[in-house]
Structure formats: C-alpha cells, structure tokens
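Asker: Structure incoming, see below.
Taken together, the values in this text are just the output of simple stated rules run on the coordinates, not laboratory data. Just so it is clear, the structure is predicted and the values come from calculations on it, not from any experiment. Because the Cβ atoms are built from the backbone with ideal geometry, glycine has one as well, and the counts that use them run over all protein chains shown.
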Amino acid sequence: MHYDWKELYGQVKSCDKCRLSSTRTNAVFGVGDQKSPLMLIGEGPGRDEDMQGEPFVGQAGKLLDRMLAAIHIRRERVYIANVVKCRPPRNRTPLEDEATLCLPYLRGQTALVSPKIIVLLGATAVRYVLGEDVRITRDRGTWFERKGIWILPTYHPAALLYDESKKRDAWTDMKALRDKLTELGIDIFEEE
C-alpha cells in the first residue's frame, strides 16, 4: 500500500475496524520527526495518551523522554508510534485481531518515515514487528536487521516503572542504541 501522511492520518482517525474504536476518546496516531532515522514503537495508548491523542505522554512517556535525554536525544528528533492506535480497556494487552487490524497503519508509518533504526518498546511491539519467535526477556538488547533496518528490542518504559530491576538492562540497551547511531554515522544527538 502507498500512503501519504494526510491520508494515513485520516484513515487512523476514522478507523472503526475493531472494538477498540468504540471506547476511545482519541485515536493516537504518532508523533515526532516524520523524516527521523530513528523510530520508536510501543504497544498502544494508555489513559493519558487516549485523552491527549499523543503517544507516550503519561508516566511511561516521561521516563522514555529521560531515557532518550540520557543519550542526548530529544523526543522531537525521533518518530514515535504504537502497534495499536486506540486504548485497550484497562490498558490490557491488545488482542491479536486488534493488533492485526491496526498493523497496516504502523507499516504505513514505517514506510513513510523510512527509519534506519527501530527501537521496539516491550513484548507487544516485539511480537508484531519481529514475530512470535522473539521474546523480550530473552532477546532484549539483541540487534536484528530486517530489510536494511536495524531493530533493537528493549523493555517498555512502563515495565521499568513496575520493576526497577529492569532499568540496568534498559540503560545498557540505550547505550547500544547510541553506539549503533554513531556506528551508522547518524547524528541526531544534542550538544552535551
């Protein structure tokens, strides 16, 4: 499928393909630099995201901003999207049919951004981008290359809020991201 940003945005905002559309306040499209070499993909909107219509604006989003800042990257320099664009009830994991119906939108966003690196935030993003054979607990921090794009699975920031023991591994992954950006000659860093 070939999209432009306006068409894709319109399709997401008016989507009613699955049950999640009936309970959303806002479809949460994506945010950031639409030409960024770095794309971050999470699971789906939470309460704050559903209210504001923007991904990663709640507590997990604030932590994500701090994680990026720790390697000298501003949020505005990356593109951020989710597997599903509508909030699942009580922030449950998206069901397979919900994610599958939403995936063409994520694929469209990825094609339009054309990133060099994708960071997958959490198990849901890993499952629907890399497949069911890849496990977040086993494979986080491991680089995968698909169609010329480097992909790094790491923990979702929300997981770090619930289990601080994962923060050390997440920091290792952020340093690996910084090193891969440098290795590929991608300079999206802020001055130190």
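Asker: Fewest to most neighbouring Cβ within 10 Å: what's the order for Leu161, Leu120, Leu64, Leu101?
Answerer: So the residues, fewest neighbours to most, are Leu161, Leu101, Leu64, Leu120.
Asker: Residues with amide H under 5 Å of Thr142's amide H, sequence separation 5 or more or different chain, H placed in the peptide plane at 1.01 Å from N; which?
Answerer: Hits under the 5 Å cutoff: none.
Asker: Another question about this same structure. Given the C-alpha atoms of the chain, compute the convex hull and give its volume per residue in Å³.
Answerer: 114
Asker: What percent antiparallel are the DSSP beta bridges of region 5-183, to the nearest 5?
Answerer: Antiparallel bridges: around 30 percent, rounded to the nearest 5.
Asker: Still on this structure: Quick one: check the C-alpha center-to-center distance for region 1-70 versus region 123-156, whole angstrom.
Answerer: 19
Asker: Each residue of region 18-26 in turn: what ³J(HN,Hα) in whole Hz from Karplus with 6.51, -1.76, 1.60 and θ = phi - 60°, glycine and Pro shown as x?
Answerer: My calculation for region 18-26 gives 9, 4, 5, 5, 6, 10, 7, 8, 9 Hz in order.
Asker: What order do you get for Thr100, Thr23 when you list them from fewest to most C-beta neighbours inside 10 Å?
Answerer: Thr23, Thr100
Asker: Same structure again: Determine ³J(HN,Hα), in whole Hz, for all residues of region 67-83 in sequence, where each value follows from phi through the Karplus function 6.51 cos²θ - 1.76 cosθ + 1.60 and θ = phi - 60°; x replaces Gly and Pro.
Answerer: Taking θ as phi minus 60°, the curve returns 5, 5, 4, 5, 10, 6, 10, 7, 3, 5, 8, 10, 10, 10, 9, 10, 4 Hz for region 67-83.
Asker: Still on this structure: Dividing the alpha-carbon Rg of region 102-163 by 2.2 N^0.38 Å yields what?
Answerer: Normalised Rg, Cα atoms only: 1.12.
Asker: Do any trypsin sites (Lys or Arg not before Pro) in region 1-90 lie in a loop, going by DSSP, with at most 13 other beta-carbon atoms within 10 Å of their beta carbon, and if so which?
Answerer: Listed in order of number, the matching sites are Lys35.
Asker: Take a quick pass over the chain and tell me how many lysine pairs come in under 14 angstrom between Cα atoms, counting only ones 8 or more apart or on separate chains.
Answerer: Summing the qualifying lysine pairs gives 6.
Asker: With Cβ to Cβ distances under 15 Å as the rule, what net charge do the other residues near Arg19 carry (K, R +1; D, E -1)?
Answerer: Result for the neighbourhood of Arg19: +1.
Asker: Using the basic label-point model (7 angstrom from Cα toward the beta carbon), what is the Glu145 to Ser21 distance in nanometres?
Answerer: Taking the two extended label points, one gets 4.0 nm.
Asker: If R₀ is 25 angstrom, what is the calculated FRET efficiency for the pair Thr172 and Asp65, using the beta carbon separation as r and rounding to 0.05?
Answerer: On the way: r = 19 Å, r/R0 = 0.76.
Efficiency, rounded to the nearest 0.05: 0.85.
Asker: How do Asp4, Asp33 line up, fewest other C-beta atoms within 10 Å first?
Answerer: Placing the least packed residue first, the sequence is Asp4, Asp33.
Asker: Let me ask something else. Test of the criteria: in region 157-192, which chymotrypsin sites (Phe, Trp or Tyr not before Pro) are in a DSSP loop and have at most 16 other Cβ atoms within 10 angstrom of their Cβ?
Answerer: Phe189
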